[in-house]
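Chemist: My questions will all concern the structure given below.
Any read-out appearing in this document is the output of simple, stated calculations on the displayed coordinates, not a laboratory observation. Everything quoted here is computed from the prediction, not taken from an experiment. Backbone-built Cβ (ideal geometry, glycine too); neighbour counts: all protein chains shown.
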């Protein structure tokens, strides 16, 4: 029996990539790639990752920038693009607004705010930056603290998302009243 490796072999990766290229058009591939990057990335590198020409990548990236999905830095050489985190948050908040009533959203925000209060009480600070999980020698304690800090960060993000969703739901799909 072969040993398990969390990293797929090159053959498997190539097969998945080939199916992705065959089943998606160029725009979809550029969109998929740009949503997966976390740092401003040259359009030439995005083209390579999206298996398309540099011209096609740039054309689609500029279209995505016009749509507000990505940010473009045309002053960089070559031009660099990055995903627009605000767009992704709006998209998720919009999904929440469609799935839940305003009352359900408000109730969820209250629940999350209680969680935030519990984190502040547990760590005796409202400031996540004051917490150093590596101040401990015990690996288990460090792991538990890292997990708690991650949950706290998620709760803070969720309050923002649900508050945005409440505004969208309360204003007939708009962030601000029409």
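Chemist: Roughly how tilted is helix 26-36, in degrees to the nearest 10 and between 0 and 90, from the longest Cα axis of the chain?
Modeler: 40 degrees
Chemist: Evaluated at 20 °C with a viscosity of 1.002 mPa s, what Stokes-Einstein diffusion coefficient in µm²/s does the stretch 1-85 have when Rh comes from the Kirkwood expression over alpha-carbon pairs?
Modeler: Here the translational diffusion coefficient equals 156 µm²/s.
Chemist: Please compute the length gained on full extension between residue 134 and residue 13, using 0.36 nm multiplied by the number of residues separating them and subtracting their Cα-Cα distance.
Modeler: Separation in residues times 0.36 nm, less the Cα-Cα distance, equals 40.0 nm.
Chemist: To continue, here is another question. Which one, 119, 27, 134, has the greatest fluctuation when you compute a Gaussian network model over the chain with C-alpha springs under 10 angstrom?
Modeler: Evaluated over the chain, the most mobile residue of the options is 134.
Chemist: Next question, about the same structure. Helix 139-170 versus the longest principal axis of the chain: what is the Cα-based angle in degrees, 0 to 90, to the nearest 10?
Modeler: 80 degrees
Chemist: For the stretch 72-93 and the stretch 103-146, compute the distance between their C-alpha centroids and round to whole Å.
Modeler: 30 Å
Chemist: Further question on the same structure: Let's test this: bin the Cα-Cα distances of the stretch 87-170 at 10 Å from zero up to the farthest pair and state each bin's percent.
Modeler: Pairs per bin, as whole percents: 18, 39, 26, 14, 3.
Chemist: Relative contact order for the stretch 110-178: what is it in percent, counting Cα pairs under 8 Å that are at least 6 residues apart?
Modeler: The normalised contact order for the stretch 110-178 reaches 30 percent.
Chemist: Let me know the whole percent of all Cα-Cα pairs from the chain that are separated by more than 30 Å.
Modeler: More than 30 Å apart: 47 percent of the Cα pairs in the chain.
Chemist: Sort 162, 87 so the one with the fewest other Cβ atoms within 10 Å of its own Cβ comes first.
Modeler: So the ranking, lowest neighbour count to highest, is 87, 162.
Chemist: Label points 7 Å out from Cα along the Cβ direction at residue 59 and residue 141: separation in nm?
Modeler: It is 6.0 nm.
Chemist: Here's another thing I want to ask about it. For residue 117 and residue 35, FRET efficiency with R0 = 41 Å and r from the beta-carbon atoms, rounded to 0.05?
Modeler: Taking R0 as 41 Å, the efficiency between residue 35 and residue 117 is 0.75.
Chemist: In percent, how large is the relative contact order of the chain, given Cα pairs closer than 8 Å and 6 or more residues apart?
Modeler: Relative CO of the chain lands at 18 percent.
Chemist: Also, I was wondering about something else. Return one number: the angle in degrees, 0 to 90 and rounded to the nearest 10, between the long axis of the Cα atoms of helix 85-99 and the longest principal axis of the Cα atoms of the chain.
Modeler: Approximately 70 degrees, to the nearest ten.
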